[in-house]
Amino acid sequence: MATNEIIVLVLFIAAVSSIYIAEAVLLCVHVYNKLRGKYRRITKRAIFLHLLALIGVIFFCYGYFIEPYRIEVKTILIKTSKLSEATFRIVQISDLHCDKRPVNEKRTVNIINDLKPDIIVFTGDAINRPSALPLFKETMKSLNASLGKFAVYGNWETRHWPGLDYFSQTGFEVLDGDVVHLDKNGETITISGLNCDVRRQSAKSVLNKLAHENYNIFLFHFSDFIESLDRFNVDLYLCGHTHGGQVALPFYGALITLSKFGKKYEAGQYVVGNTTLYVNRGLGMDGYPVKLRLFARPEITVFDIGPK
């Protein structure tokens, strides 16, 4: 976590804590005075504090009970001179973080299958615990794509639960140094991907395989390589990991991203050199004592890539 993210997180926790500590003190004083038969007029300052505490409770309830289930389907149109007639529909999902209890899995399957994608890509972080693996695999197996389904490992697969069988019998092909050519109506795009623990030199060896004449899509869990792609032919770089902060603030955005770039590429679409980067907010939740989403809705991203 970047130093500035730690500072912001500490300040946010301190600010919220101070509101509820002050609210608790105020309520205790009110109860004490009432027990002693004393009555004091409620001040404007006390009313303001009550409102702040109430707003905090409302936001918490919204982030816990409502927003985690409000999947946003975002469609992005990409026009390229590397295609002359064919249009490829690619659906990206990321960071499912399945738990034993289902959250968005069934709706995700229904939404994606209704979109009729040519290709589905998953950019890592499958489960929060091994007991959720059957739910994850059933979800991934139920997704339909006419040209193929591809995945890369995230940090939860490689660091928390390594060695588990995540993708057998799901129809997903795991990419780790592979470059796959996909044809539609006589035209070709490529999809490549890497394990999130790959060394930079290994990444270069894969990226060197990408031909300029093809529209090249690169899958990686982190956005780490985006500023090192000047001499490589990556047209679209798809990643996840940040969850859009999972908890974000109006006008500020993500509180924390756990990205080496901090908030620079916290969520959404960016153009860096000749590459379009897309950071998907993911569908699941992790990393907080109480799992919630606030101003960072779960996301399914649709890329319609076609000719100019």
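The values are calculated or read from the model by the stated rules, or taken from the named source; none is laboratory data. As the structure is a prediction and not an experimental result, all values here were calculated from the model. Here the Cβ is made from the backbone with ideal geometry for all residues, glycine too, and neighbour counts use every protein chain on show. Side chains are part of the model used for accessible areas, which takes the heavy atoms of the whole protein and leaves out ligands, DNA and RNA. Shrake-Rupley method; radii C 1.70, N 1.55, O 1.52, S 1.80 Å.
Points to keep in mind about this one:
- Simple spin-label estimate for F65 and S146 in nanometres, 7 Å along Cα-Cβ: 4.3
- Put a dot 7 Å past the Cα of R36, heading toward its Cβ, do the same for S205, and the two dots end up 7.7 nm apart.
- Among V279, V25, V179, the largest mean-square fluctuation in a Gaussian network model of the chain (Cα springs under 10 Å) belongs to V25.
- Candidates V290, V174, V103: whichever shows maximal mean-square fluctuation once the chain is modelled as a Gaussian network with Cα springs under 10 Å: V290
- Largest accessible area first, the listed residues D230, D235, D178 line up as D230, D178, D235 when surface is computed with a 1.4 Å probe on the assembled protein chains.
- You can think of it this way: the chain between D176 and N155 has 6.2 nm of extra reach, that is 0.36 nm per residue less the Cα-Cα gap.
- Taking N as its residue count, the alpha carbon Rg of the chain over 2.2 N^0.38 Å: 1.18
- Largest-first ellipsoid semi-axes for the stretch 164-235, taking √(5λ) over the Cα gyration tensor eigenvalues, angstrom: 20, 19, 9
- Centroid-to-centroid, using Cα positions, the stretch 5-28 and the stretch 207-285 are 33 Å apart.
- Counting protein heavy atoms only, the stretch 96-168 has 53 percent of its accessible area on carbon and sulfur, 1.4 angstrom probe.
- Taking GluC sites (Glu not before Pro) across the stretch 22-128, the ones in a DSSP loop with at most 14 further Cβ atoms lying within 10 angstrom of their Cβ are E85.
- Solvent exposure of the chain amounts to 50 Å² per residue of accessible area, where only protein heavy atoms count and the probe is 1.4 Å.
- Atom-type composition of the exposed protein surface of the stretch 211-281 places 52 percent of the accessible area on carbon and sulfur (1.4 angstrom probe).
- Classified by the C-alpha gyration tensor, the stretch 62-218 has an oblate form. Its axis ratio a/c, with a ≥ b ≥ c, is 1.5 or above, and a/b does not exceed b/c.
- Mean ellipticity per residue at 222 nm, deg cm²/dmol - from DSSP H runs of n ≥ 4 across the chain, formula -39500 (n - 2.57): -8500 deg cm²/dmol
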